[in-house]
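Asks: Let me give you the structure first, and then I'll get to my questions.
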Amino acid sequence: AFFANQVLSNATMDAARMIRTGQAHAQGFNADKFKEAMLERLAGFPFNSDRLTLDVERIDDFSSFTPKPLIQDGELVADTGYNHGEAGQIIVVRALYRWPMLSSMMKTAYGDLSSGDRLLVATAVFRNEPFPWTTQQASN
């Protein structure tokens, strides 16, 4: 799980760079296209797209940001969306992966979710670069 979390973190930072530099904006990314970009960066590792949840949100400033809860009553909170913002805006990208634990002992000892899965989390927080174009309103 530790190694998988490191792979997830690297993929998140790399995919988030597409948003930060404006590439995602120029290519008209939405939630599905961003997930495809993430999965490309996870290729060759045992990651299943159905277990991957992404949340991309724009925030007003660093100091007033309050993170959303991830788990409630043993279940993954499904409060996600996709808004890559515009040039100069602050963006939070979170990748959540429900990593399956292989034995009942590992599920009991290390599982975060009621299913016994371990929730892996990777986060990137940044200010978009001053790219010279705007996009259509991002969809949630």
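Asks: If I ask for residues that are in contact (Cβ under 8 Å) with a residue 60 or more places away in the chain, open to solvent by less than 60 Å² (accessible area, probe 1.4 Å) and among the hydrophobic types (A, V, I, L, M, F, W, C), which ones from the stretch 8-44 would you list?
Replies: If the condition is that a residue be in contact (Cβ under 8 Å) with a residue 60 or more places away in the chain, open to solvent by less than 60 Å² (accessible area, probe 1.4 Å) and among the hydrophobic types (A, V, I, L, M, F, W, C), then Leu8, Ala11, Ala15, Ala16, Ile19, Ala24, Ala31 are the ones that fit.
Asks: Being in contact with a helix residue (DSSP H, G or I) (Cβ under 8 Å, 6 or more places away or on another chain) and part of a helix (DSSP H, G or I) is the filter here, so list the residues in the stretch 1-16 that pass it.
Replies: Asn10, Ala11, Thr12, Asp14, Ala15 - these are the residues of the stretch 1-16 that are in contact with a helix residue (DSSP H, G or I) (Cβ under 8 Å, 6 or more places away or on another chain) and part of a helix (DSSP H, G or I).
Asks: Got a number for residues in the stretch 52-93 being of a type in the set (Lys, Arg) and modelled with pLDDT under 95?
Replies: Within the stretch 52-93, residues that are of a type in the set (Lys, Arg) and modelled with pLDDT under 95 number 1.
Asks: Let me ask something additional. Residues of the stretch 53-78 being of a type in the set (A, V, I, L, M) and either touching a His at 6+ places or on another chain (Cβ under 8 Å) or more than 16 Å from Ala124 (Cα to Cα) (or both), which ones?
Replies: Listed by number, the residues that qualify are Val56, Ile71, Leu76, Val77, Ala78.
Asks: Further, regarding this structure: Only one of (1) without any contact (Cβ under 8 Å) to a residue 40 or more places away in the chain; (2) open to solvent by 30 Å² or more (accessible area, probe 1.4 Å) is not met by Asn5, so which one is it?
Replies: Of the numbered conditions (1) without any contact (Cβ under 8 Å) to a residue 40 or more places away in the chain; (2) open to solvent by 30 Å² or more (accessible area, probe 1.4 Å), the odd one out for Asn5 is (1).
Asks: Note down all Cβ pairs under 8 Å where the first residue falls in the stretch 73-93 and is free of Cβ contacts under 8 Å to residues at least 24 places away in the same chain, the second is among the aliphatic types (A, V, I, L, M) and open to solvent by 10 Å² or more (accessible area, probe 1.4 Å), and they're at least six residues apart or on different chains.
Replies: Val77/Leu70; Val77/Ile71
The values are calculated or read from the model by the stated rules, or taken from the named source; none is laboratory data. Just so it is clear, the structure is predicted and the values come from calculations on it, not from any experiment. Cβ: placed from backbone, ideal geometry, glycine included. Neighbour counts: every protein chain shown. We work out accessible area using only protein heavy atoms, side chains counted, and drop any ligands, DNA or RNA first. Shrake-Rupley method; radii C 1.70, N 1.55, O 1.52, S 1.80 Å.
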